[in-house]
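For reference, the structure discussed in these notes is given below.
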Amino acid sequence: MKGKSVVTLDDLSTGQIRELLHKAEYIDSHRREVAHTCDGRVIATLFYEPSTRTRLSFETAMLRLGGQVIGFAGSQLASVTKGESIADTLKTVSNYVDVVAIRHPKEGAALVASQASSVPVINAGDGGHMHPTQTLADLATLQSRFGRITDLTVGLCGDLTFGRTVHSLIETLCRFGNVRFVLISPNELTTPQYVLDRINATASCSYVEVRDLASVMGDLDVLYMTRVQKERFFNEDDYLRLRDTYILDEEKMALAKPDMAVLHPLPRVNEIAVEVDDDPRAAYFEQVKNGMLMRMALESSVVGDELPGYEEFANKEVLA
């Protein structure tokens, strides 16, 4: 993976994804041993739109590996205000650093950045398109909760139209196969056809679309909640009308399996009641930790630094 940019998870084979999951587990149990893995390395976090959690996670990942961080948060702090293109920014910044994490409101921005950069670029979210490291955090959470990322019934609830984390997770799980998807949304926020086509193209995966969350709670191994994203709406009235469509509370949790896991890419608004936080099935803050661990695994891999004491995952898979 040395020198590789990650714009979407299609840039990684299923074997490489499993390797990252394995590395993240190793890092979690060997924090002290890996603390100098990336000594002398620098990451640039170029965040053209706000995202506190994702930016801090990328930065903390490099700091915990012994590296350093430069960057900006908000396009008003960047030379884009002077008219500089993304390509020129990357051609410049890649002279300073070993790896770049970029977040941008326009779809395709990360691909442009990767083509212009002389160092690996990791997509930290581009518009409503892809958010590959969030999906890695999701996979790591499934792995830690169930010991597997296949043979699961996964419910995805809320904004399934604009939720890039949902699209990315579905597409990636389809690559591994043997997943049943339950797509829970109002009529206005249903899953795009190209995502449904991806499920249909995978013989071992299937889906159903439903409107009522409570009616399927007992079937789910995983419930992936999403917020209705105000920034993706052109009409505020539509946003306000749909925002409170699905709210997960103790009453609905009582219908769920005892070992179901609740995931959420965060930030939440009000779609998960605070009372659910104390339920052992709530895995969304665990996801945050897993996201940092997966970014540690990814950053060290693309710069080519080996984790001290780490042995490669034995179960190598063919490229997929």
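Backbone amide hydrogens, once placed in the peptide plane, bring A261 within less than 5 Å of V222, L223, excluding anything fewer than 5 places away on its chain.
Once mean projected area of the Cα convex hull in nm² is calculated for the structure shown, the corresponding label among (i) 16.0; (ii) 33.1; (iii) 19.5 turns out to be (i).
Rounded to the nearest 0.05, what FRET efficiency do E188 and K257 have when you use their Cβ-Cβ distance and R0 = 30 Å? With a Förster radius of 30 Å, E is 0.55.
Residues whose amide H comes within less than 5 Å of that of T45, counting only those at least five positions distant or on another chain, are I70, G71, F72, A101 (H built at 1.01 Å from N in the peptide plane). In the chain, the DSSP beta bridges split such that about 5 percent are antiparallel, to the nearest 5.
Here each label is just a point 7 Å from Cα along the line to Cβ, and for K106 and L63 those points are 3.1 nm apart.
Projected label points at A214 and A273, each 7 Å from Cα along the beta carbon direction, are separated by 1.2 nanometres. The mean sequence distance of close C-alpha pairs (under 8 Å, at least 6 residues apart), as a share of the length of the chain, puts its relative contact order at 23 percent.
You can think of it this way: the chain between E236 and T52 has 63.9 nm of extra reach, that is 0.36 nm per residue less the Cα-Cα gap.
Rounded to the nearest Hz, the phi-derived 3J(HN,Hα) couplings of region 253-265 under the Karplus curve 6.51 cos²θ - 1.76 cosθ + 1.60 (θ = phi - 60°) are 4, 5, 8, 8, 4, x, 10, 4, 10, 9, 10, 7, x, where x marks glycine and proline. Each other residue within a Cβ distance under 12 Å of D305 adds +1 if Lys or Arg and -1 if Asp or Glu, for a net charge of -1. Listed by number, the DSSP H helices of the chain that run 24 Å or longer by alpha-carbon position along their axis and have mean Kyte hydropathy of at least -0.5 are 284-303.
Return a whole-number percent for the relative contact order of region 99-247, with Cα pairs under 8 Å and 6 or more residues apart as the contact set. Show your work: numbers first, answer last.
Details: 243 pairs, mean separation 30.8, N = 149.
So the answer I get is 21 percent.
Taking amide hydrogens as placed 1.01 Å from N in the peptide plane, the amide H of I272 sits under 5 Å from those of L248, each at least 5 positions away in sequence or on another chain.
Each of A87 and N200 was given a label point 7 Å from its Cα along the Cα-to-Cβ line. The distance between the two points is 3.7 nm. Positive contributions from Lys and Arg (+1) and negative ones from Asp and Glu (-1), summed over other residues with Cβ under 12 Å from the Cβ of L111, come out at -3. Shown in residue order for region 6-11 are the 3J(HN,Hα) couplings computed by the Karplus curve 6.51 cos²θ - 1.76 cosθ + 1.60 at θ = phi - 60°: 10, 8, 10, 6, 5, 6 Hz (x for Gly and Pro). Leaving out ligands, DNA and RNA, what percent of the accessible area of the chain is carbon and sulfur, probe 1.4 Å? So the carbon and sulfur contribution to the accessible surface is 48 percent. Whole-Hz Karplus values for region 36-49 come out as 10, 4, 10, 3, x, 7, 9, 10, 9, 9, 9, 10, 7, 9 Hz, taken residue by residue from phi with 6.51 cos²θ - 1.76 cosθ + 1.60 and θ = phi - 60°; glycine and proline positions read x. Overall shape: oblate for region 118-250, with the ratio a/c of the largest to smallest alpha carbon gyration tensor axis at 1.5 or above and b/c at least equal to a/b.
The values are calculated or read from the model by the stated rules, or taken from the named source; none is laboratory data. Predicted model only: the values in this text are computed from it and were never measured. Glycine also receives a Cβ, built like all others from the backbone with ideal geometry; neighbour counts cover every protein chain displayed. Note: areas computed on protein heavy atoms with side chains; ligands, DNA, RNA excluded. Shrake-Rupley method; radii C 1.70, N 1.55, O 1.52, S 1.80 Å.
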